[in-house]
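Here is the structure we will look at, set down as structure tokens.
Laboratory data are not the source of any read-out in this text; all were calculated from the coordinates shown. Computed from a predicted structure; not experimentally measured. Using ideal geometry, Cβ is built from the backbone for each residue, glycine included, and neighbour counts are taken over all protein chains shown.
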């Protein structure tokens, strides 16, 4: 799975996010430093795994990784600084929360957040680098579980099912029930409903 990337020696963290596209909820980033003495079989992009398999791997990552951490940016931050900058902020928070600290970070995507360690962006890194795959699993499981909790707080929107993504059912619920505090008001589908008086 690992590519021919040059990676400096030391503790290397994989970093990925979940939740850039949804209309509701935070964006969550995961950062993981794997322990070569405790390998984890089956790590791959979280989107390619079933929910039950993600849960299994999530538990293994928490048990076997040298370090793991979660960072987040809230809906208010997403609306204020835009989703790209909020994603970078969540990633930075995740990496900075690692104990022990990372010497180098491998970031899924085409750009890196401002970090205190060196960093390298890898397009489709979640399918190329195990540490990034692990980070994607941590981020997605964490966010999915939070959306299930938010569904209990805001029933009727189907957040537990679509996890905040702009499904037809979600848009219809927004139009009939209005916008909640956990919806991203800067996103066009939500903004249009607000402009029509559906606050």
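Relative contact order of the chain: 29 percent, from C-alpha pairs under 8 Å at least 6 residues apart in sequence. Dividing the summed -39500 (n - 2.57) terms of all DSSP H runs of n ≥ 4 by the residue count of the chain sets its mean residue ellipticity at 222 nm at -12500 deg cm²/dmol.
Applying 1/(1 + (r/R0)^6) with R0 = 22 Å to the Cβ-Cβ distance of residue 121 and residue 53, what FRET efficiency is obtained, to the nearest 0.05? About 0.25, to the nearest 0.05.
Ranked by how many other Cβ atoms sit within 10 Å of their own Cβ, fewest first, the residues 87, 118 fall in the order 118, 87.
With both partners inside the chain, how many of the DSSP beta bridges are antiparallel, as a percent to the nearest 5?
Numbers: 13 of 22 bridges.
Expressed as a percentage, antiparallel bridges in the chain total about 60.
Looking at the chain, what % of the alpha carbon pairs are farther apart than 21 Å?
Every Cα pair in the chain considered, those over 21 Å come to 50 percent.
The alpha carbon radius of gyration of segment 55-142, expressed as a multiple of 2.2 N^0.38 Å, is 1.06. Pair-distance distribution P(r) for segment 124-199, from all Cα-Cα distances in 10 Å bins starting at 0: 19, 40, 25, 14, 2 percent. Projecting label points 7 angstrom from Cα along Cα→Cβ for residue 111 and residue 76 puts them 2.5 nm apart.
Which of the three applies to segment 33-77, rounded, prolate or oblate, going by the alpha-carbon gyration tensor with a ≥ b ≥ c and a/c under 1.5 meaning rounded?
oblate
Computed from the C-beta positions of residue 177 and residue 149, the FRET efficiency with R₀ = 25 Å rounds to 0.85. The distance between label points at residue 160 and residue 38 comes to 3.2 nm (points 7 Å beyond Cα on the Cα→Cβ vector). Put the Cα centre of segment 96-143 next to the Cα centre of segment 150-199 and the gap is 30 Å.
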